[in-house]
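Worksheet: the structure to be examined is printed underneath.
Derivation of every value follows stated rules applied to the coordinates shown; laboratory data play no part. Just so it is clear, the model here is predicted, and its values are computed rather than measured. Glycine also receives a Cβ, built like all others from the backbone with ideal geometry; neighbour counts cover every protein chain displayed.
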Amino acid sequence: MPEYIYLLENRLSEAQKNALANVRDAAREAGMTVFLAGGAVRDLTTGSSVRDLDFSIQGNALNLQAALEARGGVLWGRHEPSRALFFWFPGSVRVEVVSTRQEKFPKPGEPVYTWSGIVDDLHRRDFTANAMALSLNEGSYGLLLDPLNGVADIEARQLRLASNYGFIEDPSRLVRAVRLRHRLGWQLEERTATRYENAKEADNFDAISPYLRGYELEKIAAEEEALPTLKVLEAEGWMAKLMPGWTSASVDTAALEDLHRNRIQLLMQGVAPDLSAAHLEILTAKMAADERAELKKRMVRPGLLAQWEGLDAAAKEFAKLLTSKDSAVPSATWKLFHNHSAEAILWLAHTRKAGPVDVKFKNFFTVWPEAAKKVPVALMMEMRITPELPIYAELLHELFLAQIDETVGTDEQMRAFLEKYSPPAPPPPVTLRRSRTKKADGKSKRKEAARDEDDDEDLEDDRPAKRGSDDDDEDVDIEDDLGTDDDDDDEDEDAAVPAIDEIAAGRKLNLDKIDLGAVLGRIHSTEDDEDSEDDDKDEDDADEKPASRSAKSAPVKSKPVKGASAKKSVAAEDDDDAGETAAEPTPKKAPAKKAVTKSVAAKGESPDAAKKAAPVKGAAAEPAKAPAAVKTAAAKKAPAKKAAAKGTAKE
């Protein structure tokens, strides 16, 4: 369905779309359903040019005559038995509106009509390719109805009878088969070809009704290649049945060629005349007068006959308008060509002689179209005039008219003409830029975030060296539970050592429970001891490799190790001097590194071995030694505190 909606919107000319809309609106107002059927749907499907529009109405189509005339249609004919109306709409659009029906043939060529729905109407058609319809109603617009699978025959490029007895019931279908086969370049389906030959041998063509005889004669004139079609029908013997006096010998061939040349020129400039009336004049130019009069009597559309007979008068009227003062300006002449009757223009172009009229036609065909090629595209782009503008097509037309009038010859004139169509310049783009302060803040935040991530990674790497094990917690709890106040030096040392360990481990401190003075004093005493060990540190630093960020933070991480060694020394002194009071000052403790070296020397090991055994500051290679040393010191300190407590109790 969407494909046929697209075809209806893009394959029809503007005049044909207007005619379709008028018929659709008239049927809707009358409460009737309407379908586009027959050859129009076939041509849309095959991609051929749509020649005329056939509408099928579920209802009495004759009742739409007044409504269609009110919408600009000109009634060309009316056939009461089949409820058919023939209209001519502006833009040279032929329209046929008929009621949906069934047809039965008690005798060949004598149909009996029964009014029915659209499906029955499609079944009574001549060929399957013509038995298709498109809905034009609300809710089903563009819906294809194809009960006889005509699309398949279109793809196969063949004509298949919709009824097995189609040629016998209606002999006019024999003529139609030859005409469509020549126009479309298709072949008759195998069985259809057999039935065609059988009907031709039966020789019952004389049973054709007068209405269908005249209808087929008019269709010959409507063909674009009318002369070849006439010759094909003549070769098949059907012209002798339809109109004996009308043969290919009665055609003015030279005039026909000139007519087609002028028509092509008009089509190139957007003027599309219908050829029916002009063909009738030229194809019968050499017929006898009585035979020509007989042909006119057999025509079923009086409107076509009137157009044929009025060709000369219409051409003279157009010539008068073309040479009047109102058409002195080229732009006015151009508009006249596009607003007047295309059939009159075609016939005047065919019959014109040298003079002012001939000059006008030459200008229209060759001179003025050159101005359309001189569109100042670069200037228009500079002035922001692009095809996306809604008025772009109108602008090009007005510019073309100004060019053929030679009112925009110079660049200044062209710019002045285009200025009123130029849209305003767009506002300058707004660039949002952050201040440098904000950028610096953002960078610092990103650096801080990266630094925090690195610190977290370092903490994860150093976690085995941190205090805080269950054993350490138990030692601290034991010390807290004792709660003795006799030895202030021991309490200061006990408060300082865990705090230093907590700082080195990166943990948060509870300032309410920490004696900051003791902690600071312990740190200062440790720094004084470190001054005396510069030579030893230089030797140790030479062995260390700064492979990670943990080496950079070595001075901070080495403090818990020293604190642990110092704590061990304090615990040893507590064992020897348990009776001393808390008022005595705390002696300076030896550095942890020296203590370890001395202990190794006491065992008889070499100094180099002692250095290797001692924990290196900031090194991540021996993370598990510090907690073990601290735990040992805490284990030794606890019995000393208990002994001091007992001595105090005895006193």
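By definition, a body whose alpha carbon gyration tensor gives a ≥ b ≥ c is oblate when a/c is 1.5 or more and a/b is not larger than b/c, and the stretch 130-170 fits this oblate description.
By the gyration tensor of its Cα atoms, with a ≥ b ≥ c the square roots of the eigenvalues, what is the shape of the stretch 374-419: rounded for a/c under 1.5, prolate for a/b over b/c, or oblate? Oblate, because a/c is 1.5 or more while a/b does not exceed b/c.
Centroid-to-centroid, using Cα positions, the stretch 229-251 and the stretch 313-341 are 38 Å apart.
When peptides 11-18, 112-119 are sorted by average Cβ neighbour count within 10 Å, with the highest value leading, the order is 11-18, 112-119. For the stretch 1-208, a simple Cβ point-charge model (Lys and Arg +1, Asp and Glu -1, everything else neutral) yields a dipole of about 240 debye relative to the Cα centre. For L188, the residues whose amide H sits under 5 Å from its own are L159, ignoring neighbours fewer than 5 places away on the same chain, with H placed 1.01 Å from N. Between N60 and A255, residue separation times 0.36 nm minus the direct Cα-Cα distance comes to 65.9 nm.
Peptides 328-334, 87-93 ranked from most to least packed give 87-93, 328-334, packing being the mean of other C-beta atoms within 10 angstrom over each peptide's residues. In sequence order, the stretch 296-313 has phi-based couplings of 5, 5, 7, 6, 9, 10, x, x, 5, 4, 5, 5, 4, 6, x, 5, 5, 5 Hz under the Karplus curve 6.51 cos²θ - 1.76 cosθ + 1.60, θ = phi - 60°, and Gly or Pro positions carry x.
One decimal place: the segment V375-E406 gains 9.8 nm when fully extended, by the rule 0.36 nm per residue minus the C-alpha distance. Cβ-Cβ distance of K104 and N204, R₀ of 22 Å, FRET efficiency by 1/(1 + (r/R0)^6): the value works out to about 0.80. Remark: the V112-E382 segment gains 90.2 nm on full extension, using 0.36 nm per residue and subtracting the alpha carbon distance.
Note on the stretch 106-198: Kirkwood hydrodynamic radius from all Cα pairs is 14.2 Å, rounded to one decimal. Exposure proxy ranking for Y421, Y4, Y392, based on other Cβ atoms within 10 angstrom of each Cβ and starting from the fewest, stands as Y392, Y421, Y4. The fewest-to-most ranking of D121, D52, D326 by surrounding Cβ atoms within 10 Å reads D326, D52, D121.
By other beta-carbon atoms within 10 Å, ranking D146, D206 with the fewest at the front produces D206, D146. Three principal axis extents describe the C-alpha atoms of the stretch 287-328; from largest down they are 44, 22, 8 Å. When the label point is put 7 Å from the Cα of A425 along its Cα-to-beta-carbon vector, which residues of the stretch 372-402 have a backbone N closer than 18 Å? Hits in the stretch 372-402 for A425 at 18 Å: 379-386.
Using a cut-off of 23 Å between Cα atoms, the listed pairs K219/K297; K104/K297; K231/K316; K231/K296 include K104/K297; K231/K316 as exceeding that distance. Peptide packing: for 79-85, 340-346, the average count of neighbouring Cβ atoms within 10 Å per residue gives the ranking 340-346, 79-85, highest mean first. Rounded to 0.05, the FRET efficiency of the A21 and E309 pair, given R0 = 30 Å and the Cβ-Cβ distance, is 0.45. Answer rounded, prolate or oblate for the stretch 82-125, using the Cα gyration tensor with square roots of eigenvalues a ≥ b ≥ c: rounded when a/c is under 1.5, else prolate when a/b is larger than b/c, else oblate. In terms of gyration-tensor shape, prolate. Less than 5 angstrom separates the built amide H of F127 from those of A162, all sequence-distant by 5 or more or on a different chain. Evaluating 6.51 cos²θ - 1.76 cosθ + 1.60 at θ = phi - 60° for every residue in the stretch 374-391, the Karplus couplings come out as 9, 7, x, 5, 4, 5, 5, 5, 4, 8, 6, 9, 10, x, 6, 5, x, 9 Hz, glycine and proline recorded as x.
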